[in-house]
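These notes concern the structure reproduced below.
Bear in mind these aren't lab numbers, they're just calculated from the coordinates by the rules spelled out. Keep in mind that this is a model prediction, so the values were computed, not measured. In this analysis, Cβ positions are derived from the backbone assuming ideal geometry, glycine residues included, and neighbour counts consider all displayed protein chains.
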Amino acid sequence: MSPQQQFILESFNSQTYVDNRMDIQDTPLYDTVTIAAGSALTPLTSVLFTSVGPQSGKTYAQTNMATPQKLNAPEAFAIFGFRFRYSENISLLDIYNILNGFAFEFWMGQKNYQRGPIWNYNAGGGIWAALTNSTTSVLNNGTPGRDSMHRLGINIVIENQMSFYGLLNGNNYTMVASGSGGTGITFQMMNSGLYARGVQ
C-alpha cells in the first residue's frame, strides 16, 4: 500500500471506505444560508446542509449537496477543517453582533461534534481588509490563504447515510433593516477534506 493509500485509509478509518472501491477526491462539502435585511437570524433560520438539492433553487456556487442532511449512498466525507465565510457587504453593526452573539455548531446524529465562536472557523479565503480613506469598507473572517484556514487536530468522518447539519447558536437577532443601511447576511460553511464516492 502506497503512503497516499495508507493516508486515505486512516482518514476514514471506518466500514464505509473500501480500498480500491471508492473514488476519493480532495474536494469540499459546502452550503450557504441567506438572511435578508430586517429578518431574524436564529438557530432555526441558520441551519446549514438542510435546504439543498434542486428544490432549494441553489446553484453550485451556494451548495454541492443533493440531499438534505445526508450524503447520497455510498458516499462518505472525512472533514479536516470547517471554514466559515460571510459576504463582505454585511453591515458593521450586524457582523459585530453576530460574531459576539453566536457560536457555530456541527451535529452528526444526536451528537455535537463542534461548538465554538464563529471567529475560530477561519475561512482562509475571501476579500481581505479593503479600506477606504475614511472608514473600514470590508472585514472578513481571517486572512485569505490556505495557511490561515481552520484545521482540525482530529478529523471527523461523516459516515454514509448519517444525518448531519450545522447552525449558528445564539439568541435571536434581527438584522439591520435595509432602510438603515442593512444588507442582511449571506454565509457559507465549507467542510474541507476527502470526499469518498462510488467508482463509476
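Under the 0.36 nm per residue contour assumption, what length would be gained going from the current alpha-carbon distance of Ala66 and Leu152 to full extension?
28.4 nm
For region 161-170, what does the Karplus curve 6.51 cos²θ - 1.76 cosθ + 1.60, with θ = phi - 60°, yield as ³J(HN,Hα) per residue in whole Hz, taken in order and with x for Gly and Pro?
Values, residue by residue: 6, 6, 6, 7, 6, x, 6, 9, 9, x Hz.
What FRET efficiency, computed as 1/(1 + (r/R0)^6) with R0 = 25 Å and r the Cβ-Cβ distance, is obtained for Gln4 and Ala73, rounded to the nearest 0.05?
Given R0 = 25 Å and the Cβ-Cβ separation, E is 0.50.
So how strong a dipole does the chain carry about its Cα centre when Lys and Arg Cβ are +1 and Asp and Glu Cβ are -1, to the nearest 20 debye?
140
Which Cα, out of His150, Asn64, Met108, lies furthest along the positive dipole direction of the chain (beta carbon charges, K/R +1, D/E -1)?
Result: Met108, furthest along the dipole toward the positive end.
Using 0.36 nm times the number of residues separating Asp23 and Thr183, minus their current alpha carbon distance, what extension gain do you get?
Here the segment from Asp23 to Thr183 would lengthen by 53.5 nm.
Taking 0.36 nm per residue of separation and subtracting the Cα-Cα distance, what length does fully extending Asn172 through Trp119 add?
17.2 nm
Using only the alpha-carbon atoms of the chain as identical scatterers, what base-10 log of I(q)/I(0) does the Debye formula give at q = 0.07, 0.11, 0.13, 0.19 Å⁻¹?
-0.22, -0.54, -0.73, -1.39
Calculate how steeply helix 3-12 sits against the longest principal axis of the alpha-carbon atoms of the chain, using the helix alpha-carbon long axis, and give the answer as 0 to 90 degrees to the nearest 10.
Tilt relative to the chain: about 70 degrees.
Considering the chain as a Gaussian network with a 10 Å cut-off on Cα pairs, which listed residue, Ala66, Ala177, Ala123, attains the greatest mean-square fluctuation?
It is Ala177.
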